[in-house]
Amino acid sequence: MDRFRLGGVPGVTPAKWMRVWGERVPDVPIELVQLEEAEAVAALREGELDAALVRLPVDDEALHVVPLYAELAVVVVPKGHPVVAFDDVAEADLAGEARVERGGMTAAQQLEVVATGAGIAIVPMSVARVLGGPETRHRVVVDVPPTRIALAWRRADDSPLHQELVGIVRGRTARSSRGEDRDEDAAPTPTAQRRQPAKARGPQRGQKPAKGRQPGRGRRR
């Protein structure tokens, strides 16, 4: 194999893993191929990729799938939207808001539409961070289940290089055994706590609050 083609869906940032690969497998360069979520599994099936970082669920018995980590769901809104006054929200707080659905758009295009003020979108936090841009803001939605990133590759293509990548993404050192993977789920997952206004976001003493729609019921500052 003259190179290893690693697919990545929007939001994934495997630069650290690719750097470790370069140190451990210097004879086989790793190449990142960025794909939309709908394209990643199809590219694996067609043999266009050696492996891919995908979002679950992936229902394909021909693929090995190794879950890696969870991503919180966030709502992306235009800069200046009332939601920005809070650290996090619930779906009920977003009732009545126009939604920008992905449809045939890319993830970047979806958030570009949000930036125009046409509506809001709920996406994984990593997507909002990487693609949101200066005209949008995002806040965690505490009652939307997290998504999960996994490493997938074709069972027919399984090789020592694939197992090396599994070890890298699961935190094994070059000298550790396959039974010594770090537990990616060991870190505590943020829980839904009572939502509070974001600190230092409201009007200062002596200033009048900005006019506009107020956040959802029960969220009075």
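The values are calculated or read from the model by the stated rules, or taken from the named source; none is laboratory data. Owing to the predicted nature of the structure, the values given are computational and were not obtained by experimental measurement. These area figures cover heavy atoms from the full protein model, side chains too; ligands, DNA and RNA do not enter into them. Shrake-Rupley method; radii C 1.70, N 1.55, O 1.52, S 1.80 Å.
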(Q) If I histogram all Cα-Cα distances within the stretch 4-49 using bins 5 Å wide from 0, what percent of pairs lands in each bin? (A) 5, 22, 28, 20, 17, 7, 0
Q. Residues with amide H under 5 Å of Val100's amide H, sequence separation 5 or more or different chain, H placed in the peptide plane at 1.01 Å from N; which?
A. Ile120, Ala121
Q | Placed amide H near Leu72: partners under 5 Å, 5+ positions off or other chain | A | Met125
Q: Provide the per residue accessible area, probe 1.4 Å, for the stretch 116-164, rounded to a whole number of square angstrom.
A: 47
Q. Which value, in Å², gives the accessible area per residue of the stretch 1-107 when a 1.4 Å probe is used on the protein heavy atoms?
A. 49
Q. Carbon and sulfur together cover what percent of the accessible area of the stretch 13-109 at a 1.4 Å probe radius?
A. 51
Q. Put Glu97, Glu37, Glu61 in order of accessible area, largest first, 1.4 Å probe: what do you get?
A. Glu61, Glu37, Glu97
(Q) Whole-Hz ³J(HN,Hα) for each residue in the stretch 73-79, computed from phi via Karplus 6.51 cos²θ - 1.76 cosθ + 1.60 with θ = phi - 60°, x for glycine and proline: what do you get? (A) 8, 10, 9, 9, 10, x, 4
(Q) Please list 3J(HN,Hα) in residue order for the stretch 17-30, calculated via the Karplus relation 6.51 cos²θ - 1.76 cosθ + 1.60 where θ = phi - 60°; whole Hz, with x for glycine and proline. (A) 5, 5, 5, 5, 4, x, 6, 8, 10, x, 7, 10, x, 9
Q. Whole-Hz Karplus ³J(HN,Hα) for the stretch 58-66, in order, using 6.51 cos²θ - 1.76 cosθ + 1.60 and θ = phi - 60°, x for Gly and Pro?
A. 10, 10, 7, 5, 7, 10, 7, 9, 10
